[in-house]
1. Right, A:Val167: in contact with an Asp or Glu (Cβ under 6 Å, 6 or more places away or on another chain), closer than 13 Å to A:Leu98 by Cα and either surrounded by 18 or more Cβ atoms within 10 Å (Cβ to Cβ) or more than 7 Å from chain B (Cβ to nearest Cβ) (or both) or not?
2. In region A:116-131, what residues are charged (D, E, K, R) and either more than 13 Å from the chain's Cα centre (by Cα) or at pLDDT 95 or above (or both)?
3. Between B:Ala102, B:Ala137, which is within 13 Å of chain A (Cβ to nearest Cβ) and either buried (at least 22 other Cβ atoms within 10 Å of the Cβ) or of a type in the set (A, V, I, L, M) (or both)?
4. Among the listed residues A:Arg113, A:Arg82, A:Arg147, which satisfies the condition of being farther than 21 Å from B:Thr157 by Cβ and at pLDDT below 95?
5. What do you reckon, is A:Leu130 without any contact (Cβ under 8 Å) to a residue 40 or more places away in the chain, part of a helix (DSSP H, G or I), within 22 Å of A:Gly35 (Cβ to Cβ) and at the interface with chain B (Cβ under 9 Å from one of its Cβ atoms)?
6. Out of region A:18-76, which residues are touching an Asp or Glu at 6+ places or on another chain (Cβ under 9 Å) and polar (S, T, N, Q)?
7. Look at A:Arg178 and say whether it is surrounded by fewer than 21 Cβ atoms within 10 Å (Cβ to Cβ), of a type in the set (Lys, Arg) and assigned to a loop (DSSP other than H, G, I, E, B).
8. Given the conditions (1) touching a residue at least 40 places away in the same chain (Cβ under 8 Å); (2) not in a helix (DSSP H, G or I), which single one is not true for B:Asp100?
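The values are calculated or read from the model by the stated rules, or taken from the named source; none is laboratory data. Owing to the predicted nature of the structure, the values given are computational and were not obtained by experimental measurement. Counting neighbours? That spans all protein chains shown, and the Cβs are built from the backbone with ideal geometry, glycine included.
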2 protein chains.
Amino acid sequence: MTVAVIGSLQRMGRWAPDARGRLQQAAMELYTERGYDRTTTADIAERAGLSERTYFRHFADKREVLFDSTGRLEQLVVAGVRDAPADAAPLTAVAAGLDDGAQLLDSFGDDARARAAVVGGHPELAERELAKLSAMARAVGEVLRERGVPDPAAALTAEAGVAVFRVAFEQWAVAPGRPPFPAVLTAALAELRTAVAGG
Amino acid sequence: MTVAVIGSLQRMGRWAPDARGRLQQAAMELYTERGYDRTTTADIAERAGLSERTYFRHFADKREVLFDSTGRLEQLVVAGVRDAPADAAPLTAVAAGLDDGAQLLDSFGDDARARAAVVGGHPELAERELAKLSAMARAVGEVLRERGVPDPAAALTAEAGVAVFRVAFEQWAVAPGRPPFPAVLTAALAELRTAVAGG
């Protein structure tokens, strides 16, 4: 993926100045300050200077407000797998897509780390995150099938790849010294290869 | 795991004749007949001939009633990994634990398939299932650490193993001809090795 594309995704902004972005920023602030359980959608709307009705025009429930970035992550990863060279092995194609995703999250920097802390800190949010990543794995599996990879190899490669991405993300989010996420991901994929070859 | 242990787990019963078992059976019936959205915890209690209060003494919410088997699955898988030969490679140890789990689910037969259809048919249930399997992966990773496997290899091997288990389970649940689940799992693990080696 080009730097320009990542740049434009960043400018779309996690916290854009429109209603949606203000609601996202307000939710992150309140979930961090008071915790998820002690925050209502009315609180979020009030902090953003908007009505609760506006909240529900943008987000289906109290959780979705934190998951816009996951949708963009999926689009990028899927496009990256689709655009990998036609002769790339399935896991290599998946790794290319995941690397694009890692660049995006890395570009969010401390915002991504703060969000990870909030999401990991509440079971309902963690559950939703798993569901989103599972949907991403399914989408990646579908692209592998389009590339001619049969099942169950397509599903297995997609699920294993996304599992590695999740572990690498959790490592990165708490790693001291802020290593670049793509490097953490590449190391994790190499570890998986070693573990599978050795076992 | 011995056949005797699996037998005693089966006798504990998915649908034991006690209150808990009756609630589980009633929930499965109603979720199948009417769907999850059109069933209340009061409906489940009524079908089981019990009060809604009794329901909530046994289960925290409308979803948990379907997840007892997942808790037992985790216990078995974790024990299987722990009991693998000390010199077994990490993925081999994980595969041994997962095979024990596969034997358990296989012993549930059509009950396990019916439950998979209900769980897969509603996003809220599918989300909870993912959370349970994620907890199982964390527990397996913890046992690998006890066995001396360092991170991130422990987390990666556990997550990749459980991802394979999930894909194999989904395959098995809808496979014509009712193949044994352990065989489907073994084939899926072999596919993962091929995919990782080739990519």
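1. On the way: in contact with an Asp or Glu (Cβ under 6 Å, 6 or more places away or on another chain): yes; closer than 13 Å to A:Leu98 by Cα: yes; either surrounded by 18 or more Cβ atoms within 10 Å (Cβ to Cβ) or more than 7 Å from chain B (Cβ to nearest Cβ) (or both): yes.
Considered against the rule, which asks whether it is in contact with an Asp or Glu (Cβ under 6 Å, 6 or more places away or on another chain), closer than 13 Å to A:Leu98 by Cα and either surrounded by 18 or more Cβ atoms within 10 Å (Cβ to Cβ) or more than 7 Å from chain B (Cβ to nearest Cβ) (or both), A:Val167 comes out as yes.
2. Filtering region A:116-131 down to residues charged (D, E, K, R) leaves A:124, A:127-129.
Scanning region A:116-131 gives A:Glu124, A:Glu127.
3. Details: B:Ala102 fails: within 13 Å of chain A (Cβ to nearest Cβ).
Step by step, each of B:Ala102, B:Ala137 is checked, and only B:Ala137 is within 13 Å of chain A (Cβ to nearest Cβ) and either buried (at least 22 other Cβ atoms within 10 Å of the Cβ) or of a type in the set (A, V, I, L, M) (or both).
4. After ruling out the rest, the residue left standing is A:Arg113.
5. On the way: without any contact (Cβ under 8 Å) to a residue 40 or more places away in the chain: yes; part of a helix (DSSP H, G or I): yes; within 22 Å of A:Gly35 (Cβ to Cβ): yes; at the interface with chain B (Cβ under 9 Å from one of its Cβ atoms): yes.
Judged against the criteria, A:Leu130 is a match.
6. Once the filter is applied, which keeps residues that are touching an Asp or Glu at 6+ places or on another chain (Cβ under 9 Å) and polar (S, T, N, Q), region A:18-76 yields A:Gln24, A:Thr39, A:Thr40, A:Thr41, A:Ser69, A:Thr70.
7. Numbers: surrounded by fewer than 21 Cβ atoms within 10 Å (Cβ to Cβ): yes; of a type in the set (Lys, Arg): yes; assigned to a loop (DSSP other than H, G, I, E, B): yes.
Answer is yes for this residue.
8. (2)
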